[in-house]
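Everything below concerns the one structure shown next.
The values are calculated or read from the model by the stated rules, or taken from the named source; none is laboratory data. These numbers were taken from a predicted model, which means no experiment stands behind them. With ideal geometry, Cβ positions are generated from the backbone for all residues, glycine too; neighbour counts draw on all protein chains shown. Calculation scope for accessible area: heavy atoms of the full protein, side chains included, ligands and nucleic acids excluded. Shrake-Rupley method; radii C 1.70, N 1.55, O 1.52, S 1.80 Å.
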Amino acid sequence: SKYLKVDNVRKLFDSLNIFALNRLSRNINFIKNIPEHLENSFINKIVKDSGLVCDTLHMYDIVLNSNKDYKIDYRKSIEEIHDDLSEASYIITNPLVTFKNTKEERALEYSEEKYCIKLAKTNYELRDIGKTMHICVGSYSDYVKKKLLSIYTLQDNNGNPIVCIEVRDNKVMQCKMK
């Protein structure tokens, strides 16, 4: 099956209290060495997606340390739970930062009927641009905050980014299309 069974996902997350994260890789290696004839679909899924599981458990630990009442929707697939925890852990580890954009930076913004050029104003905007366009611009927050560069997007009239533009010293350094 494509997804872990609900009971196995619940057991996996509940076991986080039993197994410390620093022992997780040892536990995964143990599972990988179980003879093939003893493996069930749950173990096969862990072996195939051990990175996904490790990342999910790590993010669950981050979220749980910040919010003991955090609830996982066990009806979701492990992939969907991973994505939910990714968002929740990002918010915890990366509080909202509003960039202090200069007048010169804002002057490059432009708008017309079909398209506009917008300056990224927060680290969350950078993250969202990166997620939408499948690029690493979300990791540029510190550079933007320190005024080492600016990030602009060419967007359609629905606000969807089409092109991401990195500007440094009034020069276009990178330009990525969706």
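Annotations
- Selected residue (criterion: most open to solvent (accessible area, probe 1.4 Å)) from residues of segment 94-113 that are under 19 Å from CYS164 (Cα atoms) and among the aliphatic types (A, V, I, L, M): LEU108
- Within segment 111-135, if we keep just the residues that are of a type outside the set (S, T, N, Q) and touching a Pro at 6+ places or on another chain (Cβ under 8 Å), the residue that is nearest to LYS147 (Cα to Cα) turns out to be ILE129.
- Checked against the criterion of being within 23 Å of VAL53 (Cα to Cα), modelled with pLDDT under 90, under 18 Å from the mean Cα position of the chain (by Cα) and not in a helix (DSSP H, G or I), the candidates LYS68, LYS76, LYS131 yield just one match: LYS76.
- Selection from segment 63-93 of residues that are over 22 Å from LEU126 (Cα atoms) and surrounded by 16 or more Cβ atoms within 10 Å (Cβ to Cβ): LEU64, ILE72, ILE78, ILE81
- Qualifying residue in segment 27-38 (condition: modelled with pLDDT under 85, aromatic (Phe, Trp, Tyr) and assigned to a loop (DSSP other than H, G, I, E, B)): no
- A single member of ASN123, ASN157 is touching a strand residue (DSSP E or B) at 6+ places or on another chain (Cβ under 9 Å) and open to solvent by 90 Å² or more (accessible area, probe 1.4 Å), and it is ASN157.
- Residue satisfying all of: in segment 164-178; assigned to a strand (DSSP E or B) and free of Cβ contacts under 8 Å to residues at least 12 places away in the same chain; least open to solvent (accessible area, probe 1.4 Å) among these: GLN174
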